[in-house]
Ligand SMILES: Nc1ncnc2c1ncn2[C@@H]1O[C@H](COP(=O)(O)OP(=O)(O)OP(=O)(O)O)[C@@H](O)[C@H]1O
Ligand SMILES: [Mg+2]
């Protein structure tokens, strides 16, 4: 293992351990409350870069168990919105709440991950030299160092969970394969599996099917539909066929433009919206 890999593994383990409550987490006794049905609430978030407003009083609510697709032209602020939720970027103004009680703007990036917000970046970041199984194993174990984790055995519950995850991400037959040899789509699924191993309540997925084949894209939509309900999902995508498959003609999508919500409604509704056609879909 390279030093980078060790460091990354140690970081993830520390996060997981803190979440599991072992070793005195800063979050101990401070858990998100979802009883009011709200998973995520952004209130008038504004972010400026050198005077340019990447987000402009953006207000958005995601319900518990909801799968919400966010679309919009390049530069609309979709990734910046995710950066604000995960603590990577601090807004100039506004509020970001997880559940109805956790003010995410008061937490650091690792604390936000610990409390149950998982983020998938566009580029897959799996441990290329390790097997699919070992990648998932590292995300599951809570109480040992990376080297010790790889040398020791998972308990029965963890093994069962690992098996479930392998089935869910369509990689059961590839469990012993070196992750570096997987296709781009399979690496993306593995990373989603690694996120799921940490049981996030909210999953943020930024262009998850970019670079996937049509078949991989369809399977990814099936996977997300399986996760809906148990997790809240925010999916940013430009692929309208994928968005159509996810929304199934009945879920609303949000259109971002110039840092705020331009339109919200069924995909068919926003596709027929003149303003949306003008700035995005008609191009
Ligand atoms: N760190 C930064 N410094 C300066 N400008 C930035 C920074 N991050 C983002 N921006 C600008 O903010 C705007 C919104 O960018 P963002 O990446 O959020 O758009 P996006 O909706 O994700 O676009 P895409 O669909 O291309 O991914 C863009 O004009 C971008 O150039
Ligand atoms: Mg982006």
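For residue 47, are the conditions met, namely being surrounded by 19 or more Cβ atoms within 10 Å (Cβ to Cβ) and over 19 Å from residue 234 (Cα atoms)? Answer is yes for this residue. All conditions but one from (1) within 16 Å of ligand 2 (Cβ to nearest atom); (2) farther than 25 Å from residue 269 by Cβ apply to residue 103; the one that does not is (1).
Considering the conditions (1) surrounded by fewer than 21 Cβ atoms within 10 Å (Cβ to Cβ); (2) in contact with a helix residue (DSSP H, G or I) (Cβ under 9 Å, 6 or more places away or on another chain); (3) at pLDDT below 95, residue 152 is excluded by exactly one of them, (2). Note on segment 59-75: among residues that are in contact with a helix residue (DSSP H, G or I) (Cβ under 8 Å, 6 or more places away or on another chain) and near ligand 1 (Cβ under 8 Å from one of its atoms), the one that is farthest from residue 112 (Cα to Cα) is 73.
Report yes if some residue within segment 193-200 is farther than 27 Å from residue 34 by Cα, in contact (Cβ under 8 Å) with a residue 24 or more places away in the chain, in a helix (DSSP H, G or I) and touching a helix residue (DSSP H, G or I) at 6+ places or on another chain (Cβ under 9 Å); otherwise report no. Full working, then the answer.
At the first step, the residues of segment 193-200 found to be farther than 27 Å from residue 34 by Cα are none.
Checked against the condition, which is being farther than 27 Å from residue 34 by Cα, in contact (Cβ under 8 Å) with a residue 24 or more places away in the chain, in a helix (DSSP H, G or I) and touching a helix residue (DSSP H, G or I) at 6+ places or on another chain (Cβ under 9 Å), segment 193-200 yields no hits at all.
From the set of residues in segment 79-94 that are in contact (Cβ under 8 Å) with a residue 60 or more places away in the chain and more than 13 Å from ligand 2 (Cβ to nearest atom), which is surrounded by the fewest Cβ atoms within 10 Å (Cβ to Cβ)? Reasoning before the result, please.
Of segment 79-94, the ones in contact (Cβ under 8 Å) with a residue 60 or more places away in the chain are 79-82, 85-86.
The next check asks that each one be more than 13 Å from ligand 2 (Cβ to nearest atom); those that pass are 85-86.
Numbers: 85: 23, 86: 19.
Top of the filtered list is 86.
Considering each residue of segment 102-115 in turn, none proves to be touching a helix residue (DSSP H, G or I) at 6+ places or on another chain (Cβ under 7 Å), within 16 Å of ligand 1 (Cβ to nearest atom), modelled with pLDDT of 95 or more and farther than 25 Å from residue 244 by Cβ.
So, residue 222, is that one without any contact (Cβ under 8 Å) to a residue 24 or more places away in the chain, part of a helix (DSSP H, G or I) and either within 16 Å of ligand 2 (Cβ to nearest atom) or surrounded by fewer than 19 Cβ atoms within 10 Å (Cβ to Cβ) (or both) or not? In short, yes. Scanning segment 183-203 finds one or more residues that are more than 16 Å from ligand 1 (Cβ to nearest atom), on the phi < 0 side of the Ramachandran plot and over 17 Å from the mean Cα position of the chain (by Cα). For segment 51-70, the tally of residues that are within 16 Å of ligand 2 (Cβ to nearest atom), under 18 Å from residue 202 (Cβ atoms) and loosely packed, with under 15 Cβ neighbours inside 10 Å stands at 0.
The values are calculated or read from the model by the stated rules, or taken from the named source; none is laboratory data. This one's a predicted model, so the numbers in the text were calculated from it and none came from an experiment. Here Cβ is always computed from backbone atoms with ideal geometry, including for glycine, and neighbour counts include all displayed protein chains.
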